[in-house]
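Asker: First the structure, then my questions, so here it is.
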Amino acid sequence: MIDLRSDTVTKPSEGMRKAMAAAEVGDDCYQEDPTTNRLQSMVAEMLGKEAALFMASGTMSNQVALKTHTQPGDEVIAEYDAHIYNIEVGAAAALSGVNVRQVKTPDSILRAEHILPILRPMDKVHGIRQVLICVENTHNRASGAVYPVEVEAELAELAHGRGMATHLDGARLFNACVATGTCPVDHARHFDSISICLSKGLGAPVGSVLVGSTDFIKEAAKVRRMFGGGMRQVGILAAAGIYALENNIKRMQEDHDNARRFAVALAEIPGINLDASKIQTNIVIFGVRGTGLSAAQFVSILREQGVLMNPIEGDRIRAVTHLDVDRKAIDEAIAVIRGVAADGTRLQAARA
C-alpha cells in the first residue's frame, strides 16, 4: 500500500531503532530519565526557550498548554479550521472549560486585522475574558500553509499589548522552517508556549514536546500529570525524538518536493480541483467533485487499488507526503488517481 493518509504513519528507521534500544533510562516522573532530559533541553535550546516537557502526543501537548494558560470560562482565539478546535475531540471545553472563538479568514492565515473586530472590552464585568491567541504553523487544513514570521510578530504584539498570551501549535513547525529557510527560534520568539510534534514529518513513533518559560513548564508538568500523562522510563521514546531531530529535518525538503510533484500532476487531471501553486510543504488537499464521485467514494476506490488517503468533508481529500513514500510511489499514486478520476468522469458523462 502507498499510504498518504498522514505523515504519522511512518515507521522507525534502523538507525532510530538502534538509538531507542541503546537509550539510557530512568524515572521521568522524578525527572531522572537522562535521555528525556536531554531531549527536553535540546528542544528548548532549538526554540530559544528556557524549558520543555515531553508529551505523549500533539493533542496532549496543545491541551496541556491551554489548561496552563487559562481558567474555566476564558476565551481562546484560533483560526476557523485550527486543529486545536476541530481535531482534538472538544478537549478544550471538556478538560479546560474554555470557549474557542473561531475566526474565519480568506486564506486560513489568522492575522491581527482579523482579530481586532472580535476583541471584547477588557473592563466589562459580564464579558468573557480573552486570554490566549493560538496559531497553527504549518496549517493542516490549509494544505500545510506556512505562517510568515511577520504575521506571527503582529499577532504577538496585539496579544501581549492586551495582556494575552500566545501559543503556537507547531506540530509541523520544522516543515515551515525547511520551506522558508527560517529557524525555529524565528517563529518561537513570538509565542509564550510552543508545541512541536516528533511523530509527523520527523518520523519518530511517538511524542511531542511543549516549550516555554521555566515557570510555565513547571505548571504544565502538573497539568500533564492531571491529564494522565506522567511517564516513567520514557527515554526509549525520547531517544527516537533525538534521532529524528538530528537526522530528519533537512530531508523534509524531499517530502515538499514530492508534494509539489504530486499536486502539479493532479491539477492536470480532468475532474480534480487543485491549485498546485499554493502547496508549500507536505500536505495536498484536492477536490474531486468534477469526477462525479464523493470524497468517500473516491478514497474507497483508491484503497482497493493500493493507495490510502483521507477524505476531509464534502468532496475534498487530503494526501500527506513523508519519509516512507519515495518519488516512485508518488508517481504510482498519481497514475492510480488519474485512472479513478477518468472512470468517474466517464460514468458521469454516461449518466448525463
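Taken together, the values in this text are just the output of simple stated rules run on the coordinates, not laboratory data. Not measured: the values here are computed from a predicted model. For neighbour counting, all protein chains shown are included, and Cβ atoms are generated from backbone atoms with ideal geometry for every residue, glycine included.
Asker: If the elastic network links every pair of Cα atoms under 10 Å, which of Pro121, Pro205, Pro106 fluctuates the most in the Gaussian network model of the chain?
Answerer: Top of the fluctuation ranking is Pro106.
Asker: Using only Cα atoms, tell me the angle between helix 252-267 and the longest principal axis of the chain; keep it within 0 to 90° and round to the nearest 10.
Answerer: In the chain, helix 252-267 runs at an angle near 40 degrees to the longest axis.
Asker: Can you count the Lys pairs in the range 11-247 whose Cα atoms are under 17 Å apart, with each pair 8 or more apart or on different chains?
Answerer: So the count works out to 4.
Asker: Same structure, new question: Determine the dipole magnitude for the chain: charges of +1 sit on the beta-carbon of Lys and Arg, -1 on that of Asp and Glu, nothing else is charged, the reference point is the Cα centre, and the result goes in debye to the nearest 20.
Answerer: For this selection, approximately 660 debye.
Asker: Sticking with this one: With springs only between Cα atoms under 10 Å, which of Thr70, Thr214, Thr281 fluctuates most in a Gaussian network model of the chain?
Answerer: Comparing Thr70, Thr214, Thr281 in the GNM, the peak value goes to Thr214.
Asker: Compute the acute angle (0 to 90°) between the alpha-carbon long axis of helix 34-47 and the principal axis of greatest extent of the alpha-carbon atoms of the chain; round to the nearest 10°.
Answerer: Tilt relative to the chain: about 80 degrees.
Asker: For Ala145, which sequence-distant residues (separation of 5 or more, or a different chain) have an amide H within less than 5 Å of its own amide H, given hydrogens modelled in the peptide plane?
Answerer: So Ala145 has HN proximity to His139.
Asker: What is the calculated FRET efficiency for Asp343 to Val185, with r their C-beta to C-beta distance and R₀ = 56 Å, to the nearest 0.05?
Answerer: It comes out at approximately 0.70.
Asker: On to the next question. Of the GluC sites (Glu not before Pro) in the range 138-186, which ones lie in a loop per DSSP and count no more than 14 other C-beta atoms within 10 Å?
Answerer: Taking the range 138-186 and a limit of 14 other Cβ atoms within 10 Å, no loop GluC sites (Glu not before Pro) are found.
Asker: What residues of the range 62-84 lie in the reach of a label at Glu150, counting those whose backbone N is under 12 Å from a point 7 Å from the Cα along Cα→Cβ?
Answerer: none
Asker: Can you list the GluC sites (Glu not before Pro) in the range 279-334 that are in a DSSP coil and have 13 or fewer other beta carbons within 10 angstrom?
Answerer: Passing both the DSSP loop test and the Cβ count: Glu313.
Asker: From Cα pairs below 8 angstrom and at least 6 apart in sequence, can you work out the relative contact order of the chain, rounded to a whole percent?
Answerer: 24
Asker: Ok, one more. Tell me the angle of helix 235-247 to the major Cα principal axis of the chain, expressed in degrees between 0 and 90 and rounded to the nearest ten.
Answerer: Taking Cα atoms only, the helix is inclined about 60 degrees.
Asker: If each of Asn247 and Met122 carries a label point 7 Å out from its Cα toward its Cβ, how far apart are those two points in nm?
Answerer: Between Asn247 and Met122, the simple spin-label model gives 4.9 nm.
Asker: I need the phi-derived Karplus couplings for the range 185-198: 6.51 cos²θ - 1.76 cosθ + 1.60, θ = phi - 60°, integer Hz, Gly and Pro marked x.
Answerer: In residue order, the calculated couplings are 5, 4, 7, 5, 4, 9, 10, 7, 9, 9, 10, 10, 9, 8 Hz.
Asker: Top mean-square fluctuation among Lys67, Lys278, Lys328, Gaussian network model of the chain, C-alpha springs under 10 Å?
Answerer: Lys328
Asker: Provide the FRET efficiency to the nearest 0.05 for the Ser300-Arg232 pair, computing r from the beta carbons and using R0 = 45 Å.
Answerer: Efficiency, rounded to the nearest 0.05: 0.60.
Asker: About its Cα centre, how strong a charge dipole does the range 233-335 have in debye, to the nearest 20, once Lys and Arg get +1 and Asp and Glu get -1 at the Cβ?
Answerer: For this selection, approximately 140 debye.
Asker: Starting from the amide H of Ile133, placed 1.01 Å from N in the peptide plane, find each other amide H under 5 Å away whose residue is 5 or more places distant or on another chain.
Answerer: Ile77, Ala165, Thr166, His167
Asker: Further question: For Tyr30 and Lys104, compute 0.36 nm times the residue count separating them, minus their Cα-Cα distance, and round to one decimal in nm.
Answerer: Roughly 22.3 nm would be gained on extension.
Asker: In addition: Charges at C-beta only: +1 for Lys and Arg, -1 for Asp and Glu. How large is the resulting dipole of the range 67-167 about its Cα centre, in Debye rounded to 20?
Answerer: Dipole size: approximately 380 debye.
Asker: Along the charge dipole of the range 11-247, pointing to its positive end and built from +1/-1 on Cβ of Lys, Arg, Asp and Glu, which listed residue (Ala94, Leu168, Gly26) has its Cα farthest out?
Answerer: Ala94
Asker: How big is the Cα convex hull of the range 252-347 in projection, averaged over all directions, in nm²?
Answerer: Seen from a random direction, the Cα hull of the range 252-347 projects 5.3 nm² on average.
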